[in-house]
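K.L.:
Dumping the structure here so I can ask a few things about it.
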Amino acid sequence: MSDYDSVSADIETEEEIPEEHPRYQDLLTRHRIEAGVEKGITHLQGMHAEGRGSAFDYLLGEETIPSADAAERAAAAHLLLADRPVLSINGNVAALVPGEMAALADAVDADLEVNLFNRTPDRIEAIAEHLREHGADDVKGLEADARIPNLDHERSKVDADGIYAADVVLVPLEDGDRAEALDEMGKTEIVIDLNPLSRSPQVADVPVVDNIIRAVPTITEHARELADADEADLRAIVADFDRERALEAAEERIRSGDL
Ligand code: PTJ
């Protein structure tokens, strides 16, 4: 057993995780999900979701592959072109990248909206508060005064002036039928999911197959770099992006990656 194998599950802060550990990113995300569960923002099932993601990330080599970077650039262009962009937040997203989501919302002038599969008033409030502590100005999802048609679970509850009215929605970390229902509403969807075979990336206009802890800062970086770009240039980036090719490239890397 190497020294690295002995990183304890009892660590209290993420600073205790050695950055040079070969599985640093995995230990960090695991720790953030655990802390999220303890804080009442992440559902216990979030740890299972994280485990699924972590297996795919291992096979991807825990890096942003070129097709994911192209997707992240297309995502930034879509968000900058949007009239009403909304970034959807669940318990895993809130635990993993709260400040990074607030920074992206700021860079592209988007709203943040809490939308949960395991919805309770306490979790909604706790997540909204957690996002505010990490720099978010305004958090939607508390009104829940509209419904996504053709969806019969808690994820259908949205704000009328948030996801319901949005033209572009960022949907991270959920393998589900909400992406299909939002697609049927005619929205442009950007999905972040490490599993290219999940239902959500399969229906997304822009499937980003990357770990959310790398994907969100990279989208923000692209958005800042493109902030002064002409509309024609942004539209060209969107038109050049090939969703099928991005999904195939990710699956190819996962199936044949050199570990
Ligand atoms: O907070 P709630 O109540 O809304 O519940 C959220 C969870 C995540 C529990 C719920 O949405 C769920 O069960 O999700 P799934 O069906 O497990 O889907 C999560 C997807 O995200 C899977 O396809 C994972 O591969 C992927 N995933 C997990 N962690 C990451 C990830 N993708 C990118 N980055 C990650 N860190």
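K.L.:
Give me the pairs, please: first residue somewhere in the stretch 16-34 and over 20 Å from residue 64 (Cβ atoms), second residue anywhere and open to solvent by 70 Å² or more (accessible area, probe 1.4 Å), beta-carbon distance under 8 Å, and either six or more positions apart or on two chains.
P.N.:
18/4
K.L.:
Here is a further query. Which ranges mark the helices (runs of 4 or more DSSP H) fully within the stretch 15-108 that have 2 or more residues being touching a Gly at 6+ places or on another chain (Cβ under 9 Å)? Spell out the reasoning first.
P.N.:
On the way: elements: 24-39, 45-60, 66-81, 91-96, 98-108.
Per the criteria, 24-39, 45-60, 91-96, 98-108.
K.L.:
Against the definition (more than 21 Å from residue 96 (Cα to Cα) and open to solvent by 10 Å² or more (accessible area, probe 1.4 Å)), how does residue 203 come out, yes or no? Talk me through it step by step, then tell me what you get.
P.N.:
Numbers: more than 21 Å from residue 96 (Cα to Cα): yes; open to solvent by 10 Å² or more (accessible area, probe 1.4 Å): yes.
Criteria met by residue 203.
K.L.:
Name the residue that is least open to solvent (accessible area, probe 1.4 Å), counting only residues in the stretch 116-166 that are part of a helix (DSSP H, G or I) and over 19 Å from residue 98 (Cβ atoms).
P.N.:
Let us first name the residues in the stretch 116-166 that are part of a helix (DSSP H, G or I), namely 121-133, 154-156, 163-165.
After this cut, where a residue has to be over 19 Å from residue 98 (Cβ atoms) as well, the list is 121, 154-156, 164-165.
Values: 121: 107, 154: 64, 155: 27, 156: 9, 164: 98, 165: 39 Å².
Applying the filter and picking the extreme gives 156.
K.L.:
May I pose another question? For the stretch 176-196, give me the residue count where each residue is within 14 Å of the ligand (Cβ to nearest atom), out of contact with any Lys or Arg (no Cβ under 6 Å at 6 or more places or on another chain) and either charged (D, E, K, R) or at pLDDT 95 or above (or both).
P.N.:
9
K.L.:
Right, here's the next one. Of everything in the stretch 167-200, what is open to solvent by less than 10 Å² (accessible area, probe 1.4 Å), outside any strand (DSSP E or B) and of a type outside the set (D, E, K, R)? Give them in sequence order.
P.N.:
Selection gives 176, 179, 181, 182, 196, 198, 200.
K.L.:
Does residue 63 satisfy being open to solvent by less than 10 Å² (accessible area, probe 1.4 Å), of a type in the set (D, E, K, R) and under 17 Å from the mean Cα position of the chain (by Cα)?
P.N.:
Values: open to solvent by less than 10 Å² (accessible area, probe 1.4 Å): no; of a type in the set (D, E, K, R): yes; under 17 Å from the mean Cα position of the chain (by Cα): yes.
No.
K.L.:
Does residue 68 meet the test of being open to solvent by less than 50 Å² (accessible area, probe 1.4 Å) and at negative phi?
P.N.:
Working: open to solvent by less than 50 Å² (accessible area, probe 1.4 Å): yes; at negative phi: yes.
The answer is yes for residue 68.
The values are calculated or read from the model by the stated rules, or taken from the named source; none is laboratory data. Predicted model only: the values in this text are computed from it and were never measured. No Cβ is skipped: glycine too gets one built from the backbone with ideal geometry, and neighbour counts run over all protein chains shown. Surface accessibility is based on the protein's heavy atoms, side chains included, excluding ligands, DNA and RNA. Shrake-Rupley method; radii C 1.70, N 1.55, O 1.52, S 1.80 Å.
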